[in-house]
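The values are calculated or read from the model by the stated rules, or taken from the named source; none is laboratory data. Computed from a predicted model, the values in this text were never measured in an experiment. Heads up, the Cβs are rebuilt from the backbone with ideal geometry, glycines too, and the neighbour counts pull from every protein chain shown.
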Amino acid sequence: MNRHHHEERQKYLRELLDGGEFRFARLDLPDIDNEPVIRINVPEIVEQETCLFHCSVAEGVDYPELLHNFVERGMTERRPAPVVRFADGEYAFYKLTLGCNGLYRQAESVEAIRKAMPLHIDAFRRLTASGKMAPLIFPGNIGRGWKRAFLSLFRRSEEVSSASFLNFLQGHGIALTGENYIPFYAVYAYLTSEAFARLVDGRKLCILNADYNPDACREWFARFASKPEIVFIEIPAEYVATRWEAMREGILGRIPPDTDLCLAGAGVGALMVCVDAAARYAIPVLDAGHVLNMMNGREDKSKGLRMYTLRKSREHVAGAKPVPS
């Protein structure tokens, strides 16, 4: 019973792994330095370097490159290219629990989550059809080992985990594929890379976020000798996930039509923001989250550093000459 109970909890994940379509492997990016992050966190955080890989992807470095090509194509061919990350807060939201209210308030009540769910499910369908979803899936967040599962048998509800999130997707007929999946941390690694900064050089970049520090953002890109034209559109810091229908026009209507790319910070609401903005303007819209705090010089807002955002080569990058104006 225990083992069966546990296998039920991880049903879709097991199918993906046992069928050989996905495997767990280390996201090894030679330029990334996770040491400082591991040092100040619990040692277990190193487990997050192991993530789900699709069988078509040979090694870690292929993922940021895949993402770069996807974003670049979205820009040059003017096609919707939403990229959205999912982790603990989202997993709690899609299990209809208020565990989603972590650093920011995402939902007023379970009832508010339930009401917003059809909108989210529709956005998932559109995301998986034209974009990339980047859920955080590593051995430490797929749910308890089956022995520990015994202790939670009296709890009727399945625990919140990446496996529960995958079951939620499968329950709504949404498949995880090599085409629509990328690892969560590949997004952070790409957005903090020189390749991304060079791509937006001279382009119109729209930032959708609750905060914006123009000088810090300009400086961030200047370190890579990049000079995008940045437009800022303020969005609320709370409840985007449950109130998007009421907010949508006021936010999307302010995006300049000649925008080349958007970066969004909207918590659990990023799914709708990215999918809708990408569809309306036929551009890439990336859920940047913590990276926007970095660009604003406000890492404190994320309560510290994140894995896959620091580079070994940042010494020489920091010394890069700003673009002459």
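At a glance:
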{"item": "Test: Y104 is aromatic (F, W, Y) and modelled with pLDDT of 90 or more", "result": "no"}
{"item": "Some residue of the stretch 1-8 being outside the structural domain of Y281 (by TED's automatic domain parsing) and within 20 Å of the chain's Cα centre (by Cα)", "result": "no"}
{"item": "Some residue of the stretch 162-181 being surrounded by fewer than 17 Cβ atoms within 10 Å (Cβ to Cβ), modelled with pLDDT of 80 or more, in contact with a His (Cβ under 6 Å, 6 or more places away or on another chain) and closer than 25 Å to V275 by Cα", "result": "yes"}
{"item": "Filter pass, V42 being loosely packed, with under 15 Cβ neighbours inside 10 Å, at pLDDT below 95 and either among the small types (G, A, S) or out of contact with any His (no Cβ under 6 Å at 6 or more places or on another chain) (or both)", "result": "yes"}
{"item": "Flag for R78 being at pLDDT 90 or above, crowded, with 16+ Cβ neighbours inside 10 Å and charged (D, E, K, R)", "result": "no"}
